[in-house]
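The structure appears below as structure tokens.
No value in this document is a laboratory result; all are computed from the given coordinates. Keep in mind that what you see is a predicted model, and the values were worked out from it rather than measured. Neighbour counts run over all protein chains shown; Cβ positions are idealised from the backbone, glycine included.
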Amino acid sequence: MILQIPLMLLLALAQPPTPLIWAADEEGGAPYVYRDNKLGRVGFELDIINALAEELKRPIEFKQYAFDSLIPGLLKGDFDFAMNGLEINEERQEKIRFSKPYYIYRQQLVTRADEKRFNTLLGCKNTLGAIVGTMDGTQAERLLNQAKIPIRTYSSSTEAYSDLVSAGRIDAVFLDLPMAISYALPNKRLQFAGKPTARGFYAIGFHPKNETLAKEVDAAIDALKTNSKLRSILVKWNLWDECQEELSPGFLFEEEGRPNNITHSILEENQAWTINRYLPLLLEGTWVTIQLTLCSFALALVLGLPLSLARLYGSPWLKSLALLYVEFFRGIPVLLLLFFLYFGLPAIAESSGLNISLALSPFIAATLGLGLNYAAYEAETFRAAIQSVPQGQWEAAASLGMGKSLTFRRIIFPQAMRIALPTTTNDLVALFKDTSIASVVALVELNKQYQILAKSSLKFVELGLITALLYLALSVPLGRLARALEKKLAPERR
Amino acid sequence: MNIKAHQICKTFGKRPVLDGLTLDVPSGETVVIIGPSGSGKSTFLRCLNGLQSIDSGTIQVGDHKLEASNEKRFSPFSSEIRKVQGMIFQDFNLFPHISVLGNVTEAPARVLKHNQADARNLGLELLKKVGLESHANHYPSQLSGGQKQRVAIARALAMKPKVLLCDEVTSSLDPELKHEVLDVLEKLKSEGMTLLMVTHEIGFAKKAADKVVFLAEGKVVEEGPPQQILESPENSRIRTFISKLMS
């Protein structure tokens with residue numbers, strides 16, 4: 001016993017203190033924490049983290065985590081704290097423990113430099129057809145929803161601003177001032193519309209049970225405020241403004257710093273997330289999912305058949321072209337394809353000086369992406385089915401004097417379709433589930449609607465179950481249909 | 001309508017299947033081809049129908065000629081010979097997705113452009129001829145083997161052929177079903193149809209054939225009236241072959 005105490009002391013001295021794990025989303029964009037192509041990982045939050053690590057005398061390690069999932073991840077215990085422009089609001093306060101704020105944010109409306117129709121949110125709301133881009137799960141998104149302004153949500157600020165400037169699919173972006181400063185301010189084709197509004201606080205999020213660490217960090221933040229290190233970081237990043245004067249040590253957001261009235265009224269409304277409120281929204285998403293499934297599958301069938309014919313009966317040149325298509329679209333992830341169609345095409349049109357806009361709407365981009373991808377699978381299904389019609393059928397038709405195309409149309413194709421039907425139906429079920437990928441191109445289908453609602457209400461489990469039920473209600477009957485067809489059309493029964 | 005095949009040669013890869021085969025089928029006669037398996041009987045019929053190319057030799061059916069052609073460029077769909085020649089297969093090859101009547105009317109309606117009523121009347125008439133008019137609306141899967149083969153005959157007849165090629169048409173049938181198909185063929189013969197059949201039905205050959213041809217290694221070994229070939233052939237191989245068939 002006597003020996004053990006010095007030994008433990010020795011060990012404690014020899015080992016550096018265990019690092020704290022900090023989670024944020026690098027993809028969220030500048031200036032929080034992001035990848036600079038020269039400097040690597042940078043951001044004003046990273047600077048604050050480094051200053052905090054000095055105060056706490058503990059190393060802090062970065063952990064990449066999707067912004068959407070920061071709070072669930074924190075509650076799960078995947079990391080020690082989350083710091084990524086997390087706005088303090090009452091729903092989050094019920095779940096997690098916030099530190100003292102390190103930045104007072106406001107929202108900034110940004111439009112294209114040549115925008116003449118409006119320069120305020122109200123003006124935007126009164127402009128017919130105007131759509132405002134914002135980010136998932138942000139205070140800005142809530143404000144827009146509350147103001148009933150049509151929105152499109154993105155998972156990063158970069159996507160939102162580039163959709164505004166190059167694709168022109170949206171008419172304005174409403175996001176936190178820091179994002180506007182780092183993206184829109186240097187861009188001559190964008191302008192700030194009106195003054196920043198809707199004040200709120202960024203703070204660090206902790207697990208509610210981790211009060212010890214939260215207190216330590218609170219003290220460290222106060223220290224950074226006292227020694228002006230926080231100020232110099234914000235100045236360095238061009239984020240210092242008169243609002244930040246309120247960030248004096250000991251500042252308590254609970255008492256003085258309530259978010260302003262608009263925000264507050266939204267919060268009250270958001271607390272009542274009942275089934276009556278979210279079910280219609282989920283059904284709306286389901287309807288989009290169904291439309292997307294049907295449209296992209298129709299495209300896959302329409303493209304798949306000529307592809308299979310080219311593979312089977314085309315000239316050598318056509319055959320290899322069809323094979324190239326099949327190999328290419330089967331070989332690349334749909335996700336990549338969707339990103340390319342949605343964000344890549346407008347950029348290509350712009351850089352090649354084309355006058356036409358290649359900015360596809362989310363629905364068209366998703367339909368194209370899924371359709372092009374599934375066409376490759378359907379082409380192979382059709383090819384196999386056509387080849388499995390016995391050779392004797394061709395010969396019998398030929399011996400009756402029927403020509404090649406007549407034989408194909410009347411004798412081979414109808415039989416091939418019967419053979420292909422079960423596989424095709426299975427593919428339809430797979431496609432139905434794959435439509436959830438379309439959420440990356442800002443299409444609010446069922447899965448995306450779930451993400452939005454779950455993030456707003458933080459009812460991940462309850463909403464997740466209902467969403468799963470909605471998916472199952474459609475995919476299970478479809479699957480049964482596929483199996484029934486398979487039985488009915490089995491070769492031995494024909 | 002007569003068939004004249006002269007010096008037909010056909011190889012599969014390097015293996016000769018038909019080796020200078022010469023055969024005449026006079027108009028209105030029934031010729032039965034027998035021979036061991038691999039002797040080229042089926043290949044010969046398929047070449048006659050233009051389903052397969054020939055390397056050399058000539059085929060003439062009435063006024064229609066088939067020339068030797070390159071196998072790679074060959075298309076089984078281009079042959080004009082189908083206007084006068086029908087073919088019936090061992091495996092029936094009925095179209096499973098259309099009705100019995102549809103199987104019969106498909107080609108006259110689509111190739112000869114008969115109108116719907118004409119095609120239908122023709123189809124029903126032919127089905128009556130093969131004794132299956134009551135099955136017009138059945139599907140092939142609902143028929144027995146003998147019934148299927150009779151539908152296949154009606155289907156071939158719908159194109160008004162002058163010659164019928166029958167490739168082992170009773171080989172996949174149960175013995176008690178063979179006669180219903182053979183009876184139909186005998187009736188066709190009596191109506192003046194030229195028949196060229198590959199078959200192992202010695203009884204049928206004795207009764208109905210005008211000529212029996214024994215084929216081996218792609219050549220005609222011996223041909224003549226059925227009594228001569230089947231009962232007292234000159235070649236000992238034929239005797240052995242027939243005694244095996246009868247046992």
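For A:Y105, what residues show an amide H to amide H distance below 5 Å, using hydrogens built from the backbone and excluding near sequence neighbours?
Here the answer is A:G200, A:F201, A:Y202, since their amide H atoms fall under 5 Å of that of A:Y105.
Mean separation of Cα pairs under 8 Å and 6+ residues apart, divided by the residue count of chain B: what relative contact order is that in percent? Don't jump to the answer; show the numbers that get you there.
Numbers: 479 pairs, mean separation 64.1, N = 247.
This gives 26 percent for chain B.
What is the antiparallel percent of DSSP beta bridges lying wholly in chain B, to the nearest 5? Write out the running numbers ahead of the final one.
Numbers: 21 of 38 bridges.
Bridges in chain B are about 55 percent antiparallel.
Amide H neighbours of B:V17 under 5 Å, at least 5 residues apart or on other chains, H built in the peptide plane: list them.
B:K10, B:T11, B:F12
How high is the FRET efficiency from B:Q116 to B:S75, r the C-beta distance, R0 35 Å, rounded to 0.05? Display every interim value, and only then the final one.
On the way: r = 30 Å, r/R0 = 0.85.
The formula returns an efficiency of 0.75 here.
Of A:K209/A:K455; A:K433/A:K487; A:K100/A:K225; B:K4/B:K162; B:K162/B:K219; B:K129/B:K160, which ones are farther than 18 Å apart at the Cα?
Values: A:K209/A:K455 22 Å; A:K433/A:K487 24 Å; A:K100/A:K225 11 Å; B:K4/B:K162 14 Å; B:K162/B:K219 26 Å; B:K129/B:K160 14 Å.
Violating the 18 Å Cα-Cα cut-off are A:K209/A:K455; A:K433/A:K487; B:K162/B:K219.
Among A:S166, A:I149, A:V326, which residue has its Cα furthest toward the positive end of the charge dipole of chain A, with +1 on Lys/Arg Cβ and -1 on Asp/Glu Cβ?
Working it through, the farthest residue towards the positive pole turns out to be A:V326.
Show me the ranking of peptides A:345-356, B:230-241 by mean Cβ neighbours inside 10 Å, starting with the highest. Write down the numbers at each step before the final one.
Numbers: A:345-356: 11.8, B:230-241: 14.6.
Highest to lowest by the protection proxy: B:230-241, A:345-356.
Between A:E327 and B:N137, what is the spin-label point distance in nm, taking each point 7 Å from the Cα along the Cα→C-beta axis?
5.3 nm
Kindly express, to the nearest 10 degrees and within the range 0 to 90, the angle between helix B:236-246's C-alpha long axis and the longest C-alpha principal axis of chain B.
40 degrees
Nearest 10 degrees, 0 to 90: what angle lies between the long axis of helix B:145-157 and the longest principal axis of chain B (Cα atoms)?
The angle comes out near 90 degrees.
Rg/Rh for the range A:80-183: what does it come to with C-alpha atoms and Rh from Kirkwood?
Details: Rg = 14.5 Å, Rh = 14.5 Å.
Rounded to two decimals, Rg/Rh equals 1.00.
What average number of partner chain Cβ atoms lie no more than 10 Å from the Cβ of the residues making up B:93-104?
Numbers: counts 10, 3, 9, 9, 10, 4, 0, 0, 0, 1, 2, 0.
Counting other chains' Cβ atoms within 10 Å and averaging over B:93-104 gives 4.
Filter the DSSP H helices in chain A by two things, a Kyte-Doolittle mean of at least -0.5 and an axial alpha-carbon span of 27 angstrom or more, and list the hits by number.
Details: long enough: A:275-313 (56 Å, 1.20); A:362-387 (37 Å, 0.53); A:413-434 (29 Å, 0.24); A:460-488 (41 Å, 0.97).
For chain A, where a helix must reach 27 Å along its axis and average at least -0.5, the hits are A:275-313, A:362-387, A:413-434, A:460-488.
What is the magnitude of the charge dipole of the range A:104-199 about its Cα centre, with +1 placed on the Cβ of each Lys and Arg, -1 on the Cβ of each Asp and Glu, and no other charges, expressed in debye to the nearest 20?
Working: 13 positive and 8 negative charges, 65 e Å.
In debye, rounded to 20, the range A:104-199 gives about 320.
Give the order of A:E115, A:E445, A:E284 when sorted by the count of other beta carbons within 10 angstrom, beginning with the fewest.
Working: A:E115 19, A:E445 25, A:E284 14.
Neighbour counts put them in this order, fewest first: A:E284, A:E115, A:E445.
Rounded to the nearest 20 Debye, what is the dipole magnitude of the range B:96-160 about its Cα centre when Lys and Arg each give +1 and Asp and Glu each give -1 at the C-beta?
Working: 9 positive and 4 negative charges, 28 e Å.
Dipole size: approximately 140 debye.
Got the relative contact order for the range A:104-199 handy, in percent, Cα pairs under 8 Å and 6 or more residues apart? Write out the running numbers ahead of the final one.
Numbers: 173 pairs, mean separation 43.8, N = 96.
Contact order relative to length: 46 percent.
Is the range A:15-72 best put as rounded, prolate or oblate by its Cα gyration tensor, with a ≥ b ≥ c the root eigenvalues, rounded for a/c under 1.5, and otherwise prolate when a/b is larger than b/c, oblate when not?
Details: a/c = 2.17, a/b = 1.36, b/c = 1.59.
The shape class here is oblate.
Which residue, B:L177, A:N84, B:Y139, has the largest displacement toward the positive end of the dipole of the protein assembly as shown when charges sit on each Cβ (Lys, Arg +1; Asp, Glu -1)?
The Cα lying farthest towards the positive end belongs to B:L177.
Around A:L247, with a cut-off of 9 angstrom between Cβ atoms, what is the net charge of the other residues, counting Lys and Arg +1 and Asp and Glu -1?
On the way: positive: A:K100, A:K225, A:R231; negative: A:E245, A:E246.
Neighbourhood net charge equals +1.
Picking from B:A216, A:A398, A:L354, whose Cα lies most toward the positive end of the charge dipole for the protein assembly as shown (charges on Cβ: Lys, Arg +1; Asp, Glu -1)?
Of the options given, the answer is B:A216.
Around B:V169, what is the net charge, scoring Lys/Arg as +1 and Asp/Glu as -1 over all other residues with Cβ under 13 Å from its Cβ? Working shown, then result.
On the way: positive: B:K41, B:K148, B:R150, B:R155, B:K178; negative: B:D91, B:D167, B:E168, B:E180, B:D183, B:E186, B:E201.
The answer is -2.
Pull up the DSSP beta bridges for chain A and report the antiparallel fraction as a percent, rounded to 5. Could you put the intermediate results ahead of the total?
Working: 21 of 34 bridges.
Here the antiparallel bridges make up roughly 60 percent for chain A.
What list of ³J(HN,Hα) couplings, whole Hz, do you get for the range B:98-111 from phi and the Karplus terms 6.51, -1.76, 1.60, once you set θ to phi - 60° and write x for glycine and proline?
Once θ is set to phi - 60°, the couplings for the range B:98-111 become 10, 5, 4, 5, x, 4, 6, 8, 3, 5, x, 6, 8, 8 Hz.
If I histogram all Cα-Cα distances within the range B:151-224 using bins 5 Å wide from 0, what percent of pairs lands in each bin?
Result returned by the calculation: 3, 13, 26, 26, 17, 11, 3.
How many angstrom lie between the C-alpha centres of the range B:89-164 and the range B:13-33?
Spelled out, the Cα-based centre of one part sits 28 Å from the other.
Using the Cα centre of chain B as the reference point, and only Cβ charges (+1 on K/R, -1 on D/E), how large is the resulting charge dipole? Debye, rounded to the nearest 20.
On the way: 31 positive and 28 negative charges, 105 e Å.
The dipole of chain B has a size of about 500 debye.
If the chain between A:E90 and A:S320 were fully stretched, how many nm would it gain, using 0.36 nm times the residue separation less the Cα-Cα distance?
Working: separation 230, 0.36 × 230 = 82.80 nm, distance 6.01 nm.
Extending this stretch completely gives an extra 76.8 nm.
May I ask you to give the average projected area over all directions of the convex hull of the Cα atoms of the range B:1-80, in nm² rounded to one decimal? Intermediate values should be presented prior to the final figure.
Working: hull surface 21.1 nm².
Here the figure is 5.3 nm², rounded to one decimal.
I want the local charge near B:L215. Using Cβ-Cβ distances under 10 Å, sum +1 for each Lys or Arg and -1 for each Asp or Glu among the other residues. Spell out each step's value before the answer.
On the way: positive: B:K41, B:K219; negative: B:E217, B:E222, B:E223.
Here the count lands on -1.
Under 5 Å between amide H atoms, partner at least 5 residues away or on a different chain: which partners does B:L215 have, H built in plane at 1.01 Å?
Residues meeting the criterion, in which the H sits 1.01 Å from N, are B:I34, B:G35, B:V221.
Between A:K404 and A:I275, take the C-beta separation as r, use R0 = 35 Å, and let me know the FRET efficiency to the nearest 0.05. Please report the intermediate quantities before stating the final value.
Details: r = 60 Å, r/R0 = 1.71.
Computed FRET efficiency for A:K404 and A:I275 comes out at 0.05.
What translational diffusion coefficient, in µm²/s and rounded to a whole number, does the Stokes-Einstein relation yield for the protein assembly as shown at 10 °C and a viscosity of 1.306 mPa s, taking the hydrodynamic radius as the Kirkwood radius over Cα pairs?
Working: Rh = 32.8 Å.
Answer from the Stokes-Einstein relation: 48 µm²/s.
Return the whole-Å distance between the Cα centroid of the range A:85-157 and the Cα centroid of the range A:398-460.
The range A:85-157 and the range A:398-460 have Cα centres spaced 36 Å from each other.
Taking only the alpha-carbon atoms of the range B:96-160, what semi-axes of the equivalent ellipsoid follow from 5 times the gyration tensor eigenvalues under a square root, in whole Å, largest first?
Here the semi-axes work out to 18, 11, 10 Å.
When all C-alpha to C-alpha distances in the range A:275-493 are sorted into bins of 10 Å, what percent of pairs does each bin hold, rounded to whole numbers?
8, 26, 29, 21, 11, 4, 1
Restricting the count to DSSP beta bridges whose residues both fall in the range A:9-124, what percent are antiparallel, rounded to a multiple of 5?
Values: 3 of 10 bridges.
Percent antiparallel among DSSP bridges in the range A:9-124 is about 30.
Roughly how large, in nm² to one decimal, is the mean projection of the convex hull of the alpha-carbon atoms in chain B?
On the way: hull surface 53.2 nm².
For chain B, the mean projected area of the Cα convex hull comes to 13.3 nm².
Return the FRET efficiency for the residue pair A:S352, A:R35: r is the Cβ-Cβ distance, R0 is 25 Å, and the value is rounded to the nearest 0.05.
So, using R0 = 25 Å, E works out to roughly 0.40.
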